[in-house]
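The values are calculated or read from the model by the stated rules, or taken from the named source; none is laboratory data. Everything numeric in this text was worked out from a predicted model, so none of it was measured. We place every Cβ from the backbone using ideal geometry, glycine too, and count neighbours over all the protein chains shown.
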Amino acid sequence: MSYPTIIAAREHFVPRYGANGTGYGSKISTRFEVRLAGDTARYRRVYAMCYANAASLYVIRRGEVTFLNDLDLEIALQPAPPEICLV
């Protein structure tokens, strides 16, 4: 399975829709938004599909579910290293 390339990621507010009392479901909203390669400058909400003790992260592109690699999301969320200025 090939995953889409994450260009940028950010944390945003957590919407209240999609939440339920059990914490399980097919469209649980997360606090993350991503921009994917090949898309416009639009950020897309990351959702979680959770039916057991692990969740699968995905976005909806053109009406289709596109799964994400969670490690790619973690890397994209890390701050950029400070620039070293050698004078």
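The table below gives the values:
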| quantity | calculated |
| --- | --- |
| In region 1-41, residue farthest from S56 (Cα to Cα) [restricted to those that are in a strand (DSSP E or B) and among the small types (G, A, S)] | A8 |
| Some residue of region 63-73 being in contact (Cβ under 8 Å) with a residue 12 or more places away in the chain, in a strand (DSSP E or B) and either among the β-branched types (V, I, T) or in contact with a Lys or Arg (Cβ under 6 Å, 6 or more places away or on another chain) (or both) | yes |
| Criterion violated by S2 - all others in (1) surrounded by 13 or more Cβ atoms within 10 Å (Cβ to Cβ); (2) closer than 18 Å to D72 by Cα; (3) free of Cβ contacts under 8 Å to residues at least 40 places away in the same chain satisfied | (1) |
| Selection status of Y47, farther than 13 Å from A9 by Cα and in contact with a Leu (Cβ under 8 Å, 6 or more places away or on another chain) | yes |
| All positions within region 57-81 that are over 10 Å from the mean Cα position of the chain (by Cα) and not acidic (D, E) | I60, R61, R62, G63, V65, T66, L71, I75, Q78, P79, A80, P81 |
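So that you can scan it fast, the table gives a plain yes or no per residue for (1) modelled with pLDDT under 90; (2) among the hydrophobic types (A, V, I, L, M, F, W, C); (3) in contact with a Ser or Thr (Cβ under 9 Å, 6 or more places away or on another chain):
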| residue | (1), (2), (3) |
| --- | --- |
| P4 | yes, no, yes |
| A19 | yes, yes, yes |
| Y24 | yes, no, no |
| R35 | no, no, no |
| N53 | yes, no, no |
| L57 | no, yes, yes |
| T66 | no, no, no |
| I75 | yes, yes, no |
| P81 | yes, no, no |
